[in-house]
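Structure record follows, encoded as C-alpha cells.
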C-alpha cells in the first residue's frame with residue numbers, strides 16, 4: 001500500500017514507518033528540521049531489544065504534507081494539539097477512498113461521528129475548537145485506532161522501541177468492512193497486532209482510563225506508576241478519578257472489560273516507569289492535558305455528570321503546564337546521591 005505517515009519522524013510514527021516500509025509498503029514520512037535531514041541522509045532507524053542491529057528503512061521524506069502523493073492510507077501520528085495546524089494540508093492530500101487512521105491519545109475529534117443516539121455529531125471542543133477537524137475530514141474516511149506501544153525518539157531519525165506492538169482498529173460505526181480487513185492484514189504483515197474491534201470507543205476509554213489519571217498525577221508528584229499505585233493517597237485519587245470517568249463513559253454507552261482495581265493493578269505492574277506526560281514535563285514540552293483530561297471533563301458537562309476530582313487535577317496540571325511553557329523551561333527533580 002501507499003502510506004503517508006504524518007509525524008513519521010516521531011516516536012510512534014517512526015516506529016510504524018520503519019516496520020511498514022520493511023514489510024514492502026511504499027511509505028512517505030512527513031518530518032522537519034534535523035529529523036528530515038537525518039532520514040534523507042541515513043534512512044529511518046528503529047532500535048529494538050530483540051534485534052542485534054538497528055532496523056533501517058529507506059523511506060521517502062518530505063517537509064510539507066502537500067508534497068506527498070495521494071496515499072491509500074494516512075497515519076496521523078501527531079499529538080492532539082498538533083492536529084488543527086495540519087488539518088487543511090491533510091485534507092488536501094486525501095482522495096475519496098483514502099483511509100485516515102488518527103493516532104492521538106485521549107478523546108478523538110471524531111468521537112461522536114457515526115455514533116448515533118442523542119449525541120450524534122456533537123463536537124468535542126477541547127480537542128477540536130470550532131469543529132475544524134470534524135468539518136474538514138469526512139468521517140467515512142476514518143478508521144479508529146488505539147495506540148499501546150511505548151517508544152521514544154533517541155536521536156533525529158532514530159526511534160527506540162520500549163515495549164508493545166498492539167494497534168487495535170475499528171470502524172466508527174462498528175461494521176466489519178473489507179477495507180478494515182485489508183488494513184488489519186497490512187499491520188499484521190508488518191509485525192503488529194491489530195485486531196478489529198466492534199466497539200473502538202470502549203477500547204479508547206480503557207486506555208484513557210489510565211492516561212487521564214496516572215499521567216497528570218505523575219506530573220504533579222514526579223511519581224512513577226508503581227509509586228502512585230502503592231501510595232495510599234494517590235491510589236485513592238486515581239480510583240476516584242476513574243470512577244467519575246466510568247460514570248461518563250457508561251452514560252455514553254461504553255462497556256469496560258476490566259474493573260478499576262484491575263486497571264490500577266495493571267499500571268502498578270509496569271513498575272518504576274515515568275509516564276509520557278512526566279517525560280514531557282521534564283523536557284519542557286507542552287503537556288497533553290486537554291486531550292487526556294480536559295476532553296473527559298467536557299464529556300462530563302455534555303452528559304451532566306459532575307467531575308470534582310477530575311476538575312481539581314486538571315486545574316493543577318493545566319496551571320503547571322502554562323507556567324513551564326511561559327518560562328520556556330522544564331521541571332525535573334534532581335538526583336541526590338550520597339545519602
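Please treat every number below as a calculation from the coordinates, not as lab data. Computed from a predicted structure; not experimentally measured. Reconstructed Cβ throughout: ideal geometry from the backbone, glycine too, with neighbour counts over all protein chains shown.
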task = For residue 178 paired with residue 250, estimate the spin-label separation in nm (one decimal), with each label point 7 Å from Cα along the Cα-to-Cβ line.
result = 4.1
remark   = Expressed in angstrom and rounded, the centroid-to-centroid distance over alpha carbons for segment 88-110 and segment 223-239 is 36
ask   = Calculated FRET efficiency, residue 222 and residue 47, Cβ-Cβ r, R0 30 Å, to nearest 0.05?
value = 0.65
request  = May I ask you to compute the full-extension gain from residue 304 to residue 318, defined as 0.36 nm times their residue separation minus their alpha-carbon distance, rounded to one decimal in nm?
outcome  = 2.8 nm
request  = Return 49, 259, 128, 89 ranked ascending by Cβ neighbour count within 10 Å, so the fewest neighbours appear first.
outcome  = 49, 259, 89, 128
task = Calculate the length of the line joining the C-alpha centroid of segment 63-79 to that of segment 249-328, in whole Å.
result = 28
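Rounded to the nearest 500, what is the 222 nm mean residue ellipticity of the chain from helices alone, with -39500 (n - 2.57) per DSSP H run of 4+ residues and division by all residues?
Helix contribution divided over all residues of the chain: -13000 deg cm²/dmol.
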Calculated FRET value between residue 119 and residue 140, using beta carbons and R₀ = 22 Å, to 0.05 = 0.70
query = For segment 149-249, what class follows from the C-alpha gyration tensor (a ≥ b ≥ c being the square roots of its eigenvalues): rounded when a/c is under 1.5, otherwise prolate if a/b is larger than b/c, else oblate?
reply = oblate
note = Of all DSSP beta bridges having both residues in the chain, the percent classed as antiparallel (nearest 5) is 35
Contact order normalised by residue count of the chain, Cα under 8 Å, 6+ apart, percent = 15
request  = Could I have the simple spin-label model distance between residue 332 and residue 1, label points 7 Å from Cα toward Cβ, reported in nm to one decimal?
outcome  = 3.7
task = Compute the length gained on full extension between residue 166 and residue 286: take 0.36 nm times their separation in residues and subtract their Cα-Cα distance, giving the result in nm to one decimal.
result = 40.6 nm
task = Could you grab the relative contact order for segment 2-198? Cα pairs under 8 Å, six or more apart, rounded to a whole percent.
result = 22
inquiry  = Quick check: residue separation of residue 58 and residue 34 times 0.36 nm, minus the Cα distance between them. What number comes out in nm?
reply    = 7.0 nm
request  = Quote the relative contact order of segment 109-212 in percent (integer), defining contacts as alpha-carbon pairs under 8 Å separated by 6+ residues.
outcome  = 22
remark   = Quick note, segment 252-336: a/c under 1.5 would make it rounded; otherwise a/b > b/c is prolate and the rest oblate (a ≥ b ≥ c, C-alpha gyration tensor); here it is oblate
inquiry  = Quick check: pseudo-label points 7 Å beyond the Cα along Cα→Cβ at residue 257 and residue 92, how many nm apart are they?
reply    = 4.1
ask   = Cα gyration tensor of the chain, axes a ≥ b ≥ c as square roots of the eigenvalues: rounded (a/c below 1.5), prolate (a/b > b/c) or oblate?
value = oblate
request  = Take the chain, connect every pair of alpha-carbon atoms lying under 10 Å apart with a spring to form a Gaussian network, then pick out the residue of 15, 319, 119 with the largest mean-square fluctuation.
outcome  = 319
remark   = Most fluctuating of 120, 181, 51 in the GNM of the chain (C-alpha, under 10 Å) is 51
message = For the chain, set up a GNM with springs between Cα atoms under 10 Å and report which of 273, 222, 81 has the largest fluctuation.
response = 273
message = Can you sort 152, 314, 112 from fewest to most other Cβ atoms within 10 Å of each residue's own Cβ?
response = 152, 314, 112
